[in-house]
Amino acid sequence: QPIQQVYLICPPNVETGGPEAMHQLCHMLSSISCSVEAQMLYLREDKFHSELELDATATPLPSYRKYNANSASSFPSSDSDLMIWPECWTHYIDTLETGDAQTAIWWLSVDNNNSRFTANHFKERSDILHLYQSEYARQYLLKHKVADHQVIKMTEFIPQERCFPSLTEEKRDLDVLYNPAKGIHYTDEIQKRSGGKKGGICFTAIGGGLNGQERISPQEVTALLHRAKVYIDFGPHPGMDRLPREAALANCLVITNTSGAAKHKEDVPIPGQYKISKFDVDAIHRLLKSCLEDYEKRVKDFDSYREWIHGQEERMRLCVDTFVKRVVSEREEKKGEDQKKIHRSYEK
């Protein structure tokens, strides 16, 4: 059945990468497609009772109001409706009263699903459409033998206000930034080797409070990135993560491992010398020292990565065009052909 309405499922009042990506998709569907109406479906999670509840009064956060994203006041029910679920909520897919509405999963990550969508689900739910944000996710879907016609690429992008360095000359007074929520045992090893001594490398957590454990606003993250020379990420890369991209846009040198999506050049296309495939604390120490000493020269190594990041919004538009073609145009053509066959059979 051709799709007429798309519902983007999202928790209300959450300012992180996944919810923003959902608002971006709602915006693009609403802005560039005349054949599909898109709405945000805000659901609150009751973890105690393991259920979701519709929040019909929720509206987009102030930071999302730049997107054309209206809120739905009721659940979908028609077979021309499509619900797009975030990969972290696949265990709720069959828990809502949504009539004949169709289902899609947007794999904004792989690891954050925590295998809730099992191998049996992949086998039994051939009716579900799968959108993938990363090559890592595409490979995961291939591994589970999802049919090509059920898979559609769907990227997202870094918002414009976080895309461009400030016009004033920036003072790079921080050596190395890290995310305290990811790969901290590796970061600790690096800090023991490279920091702590007089003249040693200074490491700063992206966060507030003790050891950077408190979440800070996106604007505060951006401000920190613009003060640093290097951003390191030795944690898991469950999808095409935002922080490495935001760091590069702020003219940080980006050093990662090859875990998850970071393994794929399609997801983290940085020069190979900045990807650490084998954890060697002495080699990392030497690389960090060289990066700090030759920052002005090495920052140019990331020019192509920054250009690639700037192109993501346009690539998302192309993905949305393909999505609409697949779920609307091609289905309408097939429906028309099927009706002609039925008509011809009656004539006989």
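What about Asp111, is it more than 27 Å from His149 (Cβ to Cβ), in contact with a Pro (Cβ under 7 Å, 6 or more places away or on another chain) and either open to solvent by 60 Å² or more (accessible area, probe 1.4 Å) or charged (D, E, K, R) (or both)?
no
Report, ordered by the first and then the second residue, all pairs with beta carbons closer than 6 Å, sequence separation of six or more or different chains, a first member in the range 277-297 that is at negative phi, and a second member that is in a helix (DSSP H, G or I) and open to solvent by 70 Å² or more (accessible area, probe 1.4 Å).
Val281/Glu189; Val281/Arg193; His285/Arg193
If we scan the range 158-172, do we find a residue that is assigned to a helix (DSSP H, G or I) and closer than 30 Å to Lys334 by Cα?
Taking every residue of the range 158-172 in turn, none turns out to be assigned to a helix (DSSP H, G or I) and closer than 30 Å to Lys334 by Cα.
Out of the range 29-75, which residues are aliphatic (A, V, I, L, M), part of a loop (DSSP other than H, G, I, E, B) and in contact (Cβ under 8 Å) with a residue 24 or more places away in the chain?
Result: Val36, Ala58, Leu61, Ala69, Ala72.
Are there helices (runs of 4 or more DSSP H) fully within the range 241-348 with at least 3 residues that are surrounded by 13 or more Cβ atoms within 10 Å (Cβ to Cβ)? List them.
Correct list: 242-249, 281-293, 303-310, 312-324, 330-347.
Among (1) assigned to a strand (DSSP E or B); (2) under 23 Å from Arg44 (Cα atoms), there is one condition Ile152 misses while meeting the rest; what is its number?
Just one mismatch for Ile152, condition (2).
Here's a check for you: in the range 88-126, which residue that is aromatic (Phe, Trp, Tyr) and outside any helix (DSSP H, G or I) is nearest to Gln1 (Cα to Cα)?
Trp106
Identify, from the list Lys145, Lys171, Lys153, the residue that is among the charged types (D, E, K, R), within 18 Å of the chain's Cα centre (by Cα) and either on the phi > 0 side of the Ramachandran plot or open to solvent by 50 Å² or more (accessible area, probe 1.4 Å) (or both).
Every option except Lys153 fails the conditions.
Suppose we filter the range 68-85 for residues that are open to solvent by less than 70 Å² (accessible area, probe 1.4 Å) and in contact with a strand residue (DSSP E or B) (Cβ under 6 Å, 6 or more places away or on another chain); how many remain?
Total satisfying the criteria: 9.
The values are calculated or read from the model by the stated rules, or taken from the named source; none is laboratory data. Note that the coordinates shown come from a computational prediction; the quantities given were computed from them, not determined experimentally. As a convention, Cβ positions derive from the backbone with ideal geometry for all residues, glycine included, and neighbour counts pool all protein chains shown. SASA here: full protein model, heavy atoms, side chains in, ligands and nucleic acids out. Shrake-Rupley method; radii C 1.70, N 1.55, O 1.52, S 1.80 Å.
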